Amino acid sequence: MPSISRYAGFFEVVEQSYMCRMKPAVLFSVQEQIQAELESAYLYFVLALQAKDRGLPGVAQWLKVQHDEEREHAMKFIEHAHARGQSVSLGDIHIKRVEWQNIGDLFQAILEHEQYITARIHTMYELAQREHDYPIFPLLQWFIEEQVEEEETVRTILDKIAMVGQTGSSLYLLDQELGRRNTSD
Ligand SMILES: [Fe+2]
Ligand SMILES: [Fe+2]
């Protein structure tokens, strides 16, 4: 029978690996991502108001739901940090200006924004792996899948715009269709 001392090093590693408190680098990345999700929410809210002013109530509704969804994303990270005994502090909100002449421009800018968020999530996942932060893996997996859906949704809208055009009755019908979105599912 090997003595317990033979396993002492192993148990030390086990103890460290299963600590639920976040490593500082992972906590920092979570705080940054909470900020990025809230900035996304604010960006979509600004765009929703612009769409309303331009006579596109359906696009405005779609963007409002998108805003709600981004706030839910921020909450998912906040709840995860709190569950692990961390406090969260937030900085100021900064958003980029999106100039759009038509809904093709608008949804192209949205696709690029979502691709930027995807890249951030992938970088977080790589960091969590390097830091052996196992408890955050399922949450980041959820976000990885969510970003696939986000990009697919926006690409599908861009394909429709390319197919039917974005003026006159095509624009009217697209606006109506986008306005039917009423939950973040
Ligand atoms: Fe998000
Ligand atoms: Fe998003």
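The values are calculated or read from the model by the stated rules, or taken from the named source; none is laboratory data. Model, not experiment: these values are computed from the prediction. Cβ coordinates were reconstructed from backbone atoms using ideal geometry, including for glycine residues, and neighbour counts include every protein chain displayed.
Just a few scattered comments:
- All conditions in (1) within 30 Å of Gln176 (Cβ to Cβ); (2) surrounded by 12 or more Cβ atoms within 10 Å (Cβ to Cβ) hold for Glu131, with the sole exception of (1).
- Contact annotation: residue pairs with Cβ atoms under 9 Å, 6 or more positions apart or on different chains, pairing a residue in segment 120-148 that is at positive phi and touching a residue at least 12 places away in the same chain (Cβ under 8 Å) with a partner that is more than 16 Å from ligand 1 (Cβ to nearest atom) and outside any helix (DSSP H, G or I), are His132/Lys23.
- For Gly55, the test of being at pLDDT below 95 and not β-branched (Val, Ile, Thr) is failed.
- Contacts under 8 angstrom Cβ, first residue in segment 88-109 being on the phi < 0 side of the Ramachandran plot and without any contact (Cβ under 8 Å) to a residue 24 or more places away in the chain, partner surrounded by fewer than 16 Cβ atoms within 10 Å (Cβ to Cβ) and in a loop (DSSP other than H, G, I, E, B), 6 or more apart: Asp105/Glu99
- Apart from one condition, Gln166 fits all of (1) over 30 Å from Leu27 (Cα atoms); (2) outside any loop (DSSP other than H, G, I, E, B); (3) touching a residue at least 12 places away in the same chain (Cβ under 8 Å); the exception is (2).
- Enumeration of residues in segment 137-157 that are more than 16 Å from Gln66 (Cα to Cα), in contact with a helix residue (DSSP H, G or I) (Cβ under 9 Å, 6 or more places away or on another chain) and more than 16 Å from ligand 1 (Cβ to nearest atom): Phe137
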